[in-house]
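Following: one structure in structure tokens, then a few remarks.
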Ligand SMILES: *[C@@H]1O[C@H](CO)[C@@H](O)[C@H](O)[C@H]1NC(C)=O
Ligand SMILES: *[C@@H]1O[C@H](CO)[C@@H](O)[C@H](O)[C@H]1NC(C)=O
């Protein structure tokens, strides 16, 4: 069984995808940040280590540090740029892990933060981004589970489904707040361009599903049955606390994006999965 059954969201892959789709975007290695940020009109910060590994205390520290340090460096570079060379907008990634997990609650941008480790990471991550100079428009995108064909969650799940081994994990009732990568990219681009976008925005599709439905829909898209549930304890044995991302979920609604009139290409997971599987 794959150790990375579900990658929470692969930030770097999304970054490369963004750069490929939008020619004006340049990907900067850490050493170039300060130079490239000066004179840029906008900055997108998606940096951070993957979350879906086994969480030893060292890994946990690294997950936190990689996000906070990267964001801190980006913010310092923006703040240090002379006024006339300072970007006017920073779009900074965070995650729906902010809200903690629940089978019954619905969370939105105004919901308080959860009490678990990931919530703490997201809080620190966001508060670091908030140190950006107040004349820079800040958009914090709380990203859900990104569905894409060439990486991330589905890349891990599809091979398992093809072996007839994919199926719900744990009870299957946990929420799966997904977003198609095209929509995440569209939302980020809209946030860059449109000054009505400001503050926290949930980067999730309008119709989150329970994990069992996600598995059924993926099975249907692939023409395979959704197979036996993967017991939660197995996953926990493999991933340790990292499994809580998949074993527990959260139902997140993109209230603000919808209010702003953002048009999702993929509102339903069935459409998103069909598009991905047939691509
Ligand atoms: C984010 O999602 C939560 C949970 O559904 C919701 O309560 C909140 O209003 C959303 N926030 C925004 C800014 O969309
Ligand atoms: C920005 O978003 C607002 C709110 O949805 C909308 O009314 C406005 O037309 C948008 N502006 C641009 C330049 O797209």
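The values are calculated or read from the model by the stated rules, or taken from the named source; none is laboratory data. These numbers were taken from a predicted model, which means no experiment stands behind them. As a convention, Cβ positions derive from the backbone with ideal geometry for all residues, glycine included, and neighbour counts pool all protein chains shown.
With the structure loaded, tell me whether residue 70 is under 22 Å from residue 31 (Cα atoms), at pLDDT below 90 and away from ligand 2 (no atom under 16 Å from the Cβ) or whether it fails that test.
Criteria met by residue 70.
Name every residue in the stretch 39-59 that is at pLDDT 80 or above and farther than 18 Å from residue 92 by Cβ, in order of residue number.
39
Residue 173 is checked against (1) surrounded by fewer than 16 Cβ atoms within 10 Å (Cβ to Cβ); (2) touching a strand residue (DSSP E or B) at 6+ places or on another chain (Cβ under 6 Å); (3) at pLDDT below 60 and fails just one. What number does that condition carry?
Every condition holds for residue 173 apart from (3).
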